[in-house]
Amino acid sequence: MAYLSLYRKYRSQTFSDLVGQEHVVRTLQNALETGRIAHSYLFTGPRGTGKTSAARLLAKALCCEKGPTAEPCNECSICTSITDGSCMDIVEIDAASESGVEDVRETIVQASQYQPSTCRYKVFIVDEVHDLSSKAFDALLKTIEEPPAHLIFILATTEYIKVPPTIRSRCQKYEFHRGSVPDLIGRLEHVANAEGMKFEPAALAAIARMADGGFRDALTLLEQAVLTTDEGITVAHVYDQLGLVVEEVVDELLVGLKEGSIAKIVELLEQTNRLGRDPRMVVESMIHRLADLTRSAYGAGKEQEATVSAALHETAARLGPDAILKIRGALAEAHRVIRDVSIPRLWLESELIRISLELRNPARTQTAQASQAPALPKEKPATRAEPPQRAVAAPSSQAAAPTNGSPKPAPEAPAKAAPEPIAEPEPTGDPALDHARKVWTAVLNDAKSHGGSVATALLSTHVSKFADNTMFVAFERQIDHDRIFAKNPEKKAASFEKMVRDAAGENWRVQYEVAKKGPAVSMQTAAVELAAEGTELAELARETFKDF
């Protein structure tokens, strides 16, 4: 038998084996037990969280010879055929490679007219459904809206916003969450023990943190570590294999940034460079460590206390919450920029020195930035409006040229000043919300630099909350919301979300809303002083318009 990767070999075969998605499992099992089975489901969430595995489990539970049942038996001929992929009534489609309208018509629309051959239902599992073309979605719409009784759709996607609303509204949505570090460690230990591997618990914890909530990513990293060593899986081996920087060196770098030890920063960067660490991975290692330090500083993430070392608490206490958040924001911006730098090693060195100097003396940095900013022209104070005067022709003696024989040069127009950047919002005490607001402020500054009506409408927005990697952007006025999304709302929303992902990460999403209206504001008219009144105004009008 051909070798199977760990994530395929240990794919969940029962609902109880689907780790980290208890809310999805509980809802599906309740529906199966009560017989309230929907005709279309939409599974959405990050990669490697069990969407396709859950779709196959649901197909098993619906078509099992003992069911429909809340737990497939995995013993009957139907369950085993679904497991090995030979069941003709369970059709899996990869929308990334079969995205055309003809593919949908041949594979789904025409095939849906026939009854299942052996199973209770004919189930279509469409993976990465967001990759279907607009015409393919149109062809699929009517079948999803009113399918035959024997037909069930299970759609899976990592890009929920790209699925048309007409499809979303006809499906039951189930959102899959990222796995927590304890859940990932537990799964890794289960697989390692089943494979007879020797490992250090700290090594599995490092792999779990690098997996970023993805069970498939965690098993892939574990398999990669096993294939490159003949001995047990150690922390040092995991860090070498993944190209990461050990936590002790990262802690020394962070403390050096806080204390302004430039020589120490340069020495540590040289040390990581000699070990062959990529500068981008150095920044990523620092960001991951800062995430753990943030939880430790604010007492969050109590479920991870078992994996938190004493060194983490000590480093968090030395840095302090304010410095941790400032360094974290600066490194997030550095991680975005370093991808386009031609010499990242030298650029990272100068960037860390700049961050360190800014932490040590923020007032000096602000003064230096202010001195480099262009001076804005002083505004002329407003004066009382003078009455219009009749134009009088100048005498010929006054119309003569200046005595030096050269015309008087016209005053140069002042250079157009760059728009003043939007200030970052005041901290709320919620690190996630504060970071989301900083990201959105960067997007607003980018839009403001380009100008236009869209930028003007965006200036009335703010981030109202942040949950599950979703940034909720609120418009102060309905007219500003309509001005942006009146035409091509999906295209506009995708473009803004791309700007947010470029600044914060690929897994961020954006939802838009209109803030609740406050109390009406009374408008008072201001008195305007006239240049003249009564008879004086009449005389002035006659004098002004007598030549017309």
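The values are calculated or read from the model by the stated rules, or taken from the named source; none is laboratory data. The structure displayed is predicted, hence computed values, not measured ones. Quick reminder, even Gly has a Cβ in these numbers, built from the backbone with ideal geometry, and neighbours come from all protein chains shown. Just so you know, the surface numbers come from the protein's heavy atoms only, side chains and all, with ligands and any DNA or RNA stripped out. Shrake-Rupley method; radii C 1.70, N 1.55, O 1.52, S 1.80 Å.
Laid out as a table, the results:
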read-out: Set K448/K498; K51/K498; K66/K162 screened for pairs whose C-alpha atoms are more than 26 Å apart; value: K66/K162
read-out: Dipole moment magnitude, nearest 20 debye, the stretch 63-209 about Cα centre, only Lys, Arg, Asp, Glu C-beta charged; value: 440
read-out: Under-5 Å amide H pairs with H462, H placed in peptide plane, nonlocal only; value: A474
read-out: Nonlocal amide H pairs with Q172, under 5 Å, H built at 1.01 Å; value: S40, Y41, L42
read-out: Å² of accessible area per residue within the stretch 23-136, as computed with a 1.4 Å probe and no ligands counted; value: 45
read-out: Nonlocal amide H pairs with V126, under 5 Å, H built at 1.01 Å; value: I93, I154, L155, A156
read-out: Chain lengthening between R336 and R477 when straightened (0.36 nm per residue, less Cα-Cα); value: 47.6 nm
read-out: Mean separation of Cα contacts under 8 Å (6+ apart) over length of the stretch 19-127, as relative contact order %; value: 25
read-out: Viscosity 0.890 mPa s, temperature 25 °C, Stokes-Einstein D of the stretch 156-252 from Kirkwood C-alpha radius, µm²/s; value: 161
read-out: Heavy-atom SASA rank of Y512, Y114, Y41 (probe 1.4 Å, accessible area, largest first); value: Y114, Y512, Y41
read-out: Whole-percent carbon and sulfur share, accessible surface of the stretch 197-253, 1.4 Å; value: 52
read-out: Dipole moment magnitude, nearest 20 debye, the stretch 195-273 about Cα centre, only Lys, Arg, Asp, Glu C-beta charged; value: 200
read-out: Assigned charges on the beta-carbon of Lys, Arg, Asp, Glu; the stretch 130-279 dipole about Cα centre (debye); value: 800
